[in-house]
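Structure, as structure tokens:
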Amino acid sequence: MTESKLKGWYITPDGERVAMPDPANEDGTYSLAQMQEAVGGMIQEVVGVLPGKVVLVDEEGLLKGLPLNPAASVICRQGIVGNALIMNEDMWS
């Protein structure tokens with residue numbers, strides 16, 4: 001899969017980048033279940049990070065003691081723990 005065709009991926013704390021499966025919703029967006037599975041819990045948006053993109057993390061990541069995600073922290077310009085889901089804005093409903 002080429003970079004331009006990726007609609008969503010998540011970055012793990014060890015720096016692995018994992019492509020999201022095809023969107024489950026009929027309108028071509030990811031389902032809540034897909035997004036929650038990618039981040040490992042309830043989703044929370046990291047606001048204002050990348051133009052045209054949405055970044056989601058586990059809302060309770062700090063409470064769960066999830067490990068620091070150095071790559072996502074650099075992208076988001078703030079400390080991020082656990083998986084960080086990054087997707088095109090149009091994949092989010």
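The values are calculated or read from the model by the stated rules, or taken from the named source; none is laboratory data. As the structure is a computational prediction, the values presented were derived from the model and not from experiment. Heads up, the Cβs are rebuilt from the backbone with ideal geometry, glycines too, and the neighbour counts pull from every protein chain shown. SASA here: full protein model, heavy atoms, side chains in, ligands and nucleic acids out. Shrake-Rupley method; radii C 1.70, N 1.55, O 1.52, S 1.80 Å.
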Problem - Counted residues, the range 28-80 - those being in contact (Cβ under 8 Å) with a residue 60 or more places away in the chain and in contact with a Ser or Thr (Cβ under 6 Å, 6 or more places away or on another chain) - result: 1
Fill in the blank from the handout: The condition from (1) modelled with pLDDT of 95 or more; (2) open to solvent by 100 Å² or more (accessible area, probe 1.4 Å) that Met1 misses is numbered (1)
